[in-house]
1. Sorted from fewest to most neighbouring beta carbons within 10 Å, what does the list Asp103, Asp257 look like?
2. Using Cβ counts within 10 Å as a stand-in for footprinting exposure, how do Ser157, Ser190, Ser265, Ser233 rank, fewest first?
3. Just round it to a whole percent: the fraction of Cα-Cα distances in the range 10-279 exceeding 23 Å.
4. Are there trypsin sites (Lys or Arg not before Pro) in the range 206-280 that DSSP puts in a loop and that have at most 12 other Cβ atoms within 10 Å, and which ones?
5. Roughly speaking, what is the centre-to-centre gap between the range 146-173 and the range 53-106 when only Cα atoms are used, to the nearest Å?
Amino acid sequence: MKKNINFKPKWLRVKPPIGDIYKISNYNNLNTICKSGSCPNIAECWEQGVATFMILGNICTRSCKFCGVKTGKPNKIDFYEPQKIAHNIKIMKIKHAVITSVDRDDLKDMGAIIWGKTIKAIKNINDKISLETLIPDFKGRKDLINLIVNEKPEVISHNIETVRRLTKKVRIQAKYDRSINVLKYIKLISNIRTKTGIMLGLGETEEEVIQTLKDSRNANIDIITIGQYLSPSIKHFYVKKFIPPYIFKKYENIALDMGFLFVESGPLVRSSYNAYKHIF
């Protein structure tokens, strides 16, 4: 029997987003993962001038059981999107932007060319901005990963999302080792900071979480985020357990002892939480 996803402990309650940035995003019909993914930290981040923009449309070719983004046949590529994103970031006065995308396995380049052009366009008209790129796995293709690395964003991230045993159930088209190796490769060819994130509450064990932290650190990943999984709907993978804050603190200390530069660990933490702090 599935648990009631509408019941949440008190530590998972957040305030709704308000303010000028939120109004501007609605007016310009911007596609942000903050809204598409129902992030609980949208108010806090946007008030700090940090936002996560999703490029290449809002329909994903993959059907991960944890994700609230729509899946299906994507729309055609908007080749003006890099300039639009760059312009909107300038209007919104964003200080630190995180760029992510849906998976575009339908494209020969999986969207990597648009990725590179978007980073370049943002940097060209926002000279003081810092960037994190939360990329797909590009099926492990090094030639496509190189297109991102060559544009030198401050941080390149890719989320492992869950432990090895649960990957096939939660991330149907993804592979645990492939995700690890994407980040390992980036570190091998550059000095760019790498980052990943995992969710708790999917049925993982403490031993599996610690092993995932070890695997990440062995790949020289610099930053890791650990948050509570919240099911977007009854059609998605359901929450098996709400993890109390003290357990997140325990994992934070373990990860820091392993040598991660930054660890964000808490029930409301998402991959872009406190992202602007991870460049220093």
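1. Values: Asp103 24, Asp257 11.
Taking fewest neighbouring Cβ atoms as first place, the list is Asp257, Asp103.
2. Numbers: Ser157 27, Ser190 15, Ser265 23, Ser233 9.
The most exposed by this proxy come first: Ser233, Ser190, Ser265, Ser157.
3. Details: 17983 of 36315 pairs.
Every Cα pair in the range 10-279 considered, those over 23 Å come to 50 percent.
4. Numbers: sites: Lys214, Arg217, Lys235, Lys240, Lys241, Lys249, Lys250, Arg270, Lys277; in loops: Lys235, Lys240, Lys241, Arg270.
Sites meeting the loop and neighbour criteria: Lys235.
5. Here the two parts' Cα centres lie 16 Å apart.
Read-outs: derived from the displayed coordinates by stated rules, not from any lab. Here the structure is a predicted model, which is why all the values come from computation and not from measurement. Cβ atoms come from the backbone with ideal geometry, glycine included; neighbour counts cover every protein chain shown.
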